[in-house]
Amino acid sequence: MSRPELIKLLKKKHPKLNKIQLEKIIDTFFQSIEGALNKKRSIELRGFGTFFIKEIKEKYSARNPKTGELIYVPKKNKVRFRASKQFKEFLNQ
């Protein structure tokens, strides 16, 4: 589902809110998630799941698959999502 589709769906469920208000709500929601992840905090949405940052260690012995040459891969942060038990049960009905 894309952002415009999400806005249309919310507009159907809440006709009193205009498009600009719905866009601000969605933007605020995602900005707050980005801000928390930037501070390396996890975000738990009960009944849905948890977003968290996982630090990937640096690698000195990684190989370039094309040439076979050894390369250095610096450490980096990745966003991970762990689905809640309720969400997993819903998906696997």
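Across the chain, Cα-Cα pairs more than 16 Å apart make up 72 percent of the total. Packing, as the average of other Cβ atoms within 10 Å across residues, places the peptides 27-33, 61-67 in the order 27-33, 61-67, highest first.
For the peptides 46-52, 71-77, the ranking by mean Cβ contacts within 10 Å, running from highest to lowest, is 46-52, 71-77.
As a length-normalised measure over Cα pairs under 8 Å and 6 or more apart, the relative contact order of segment 39-93 settles at 37 percent.
With coordinates expressed along the principal axes, the C-alpha atoms belonging to segment 40-93 extend over 46, 28, 11 Å, beginning with the largest. Each Lys or Arg adds one and each Asp or Glu takes one away; over the other residues whose Cβ falls under 10 Å from the Cβ of residue 84, this sums to +2. Cross-link partners of residue 88 among lysines, defined as those whose alpha carbon lies under 20 angstrom from its own and excluding same-chain residues fewer than eight positions apart, are absent.
Students often get this wrong, so check it: of 40/78; 11/85; 40/75, which have C-alpha atoms separated by over 21 Å?
Over 21 Å Cα-Cα: 11/85.
Rule-based calculations on the coordinates, nothing more; no lab input. Because the structure is a prediction, the values reported are computed rather than measured. Positions of Cβ are backbone-derived with ideal geometry, glycine not excepted, and every protein chain shown enters the neighbour counts.
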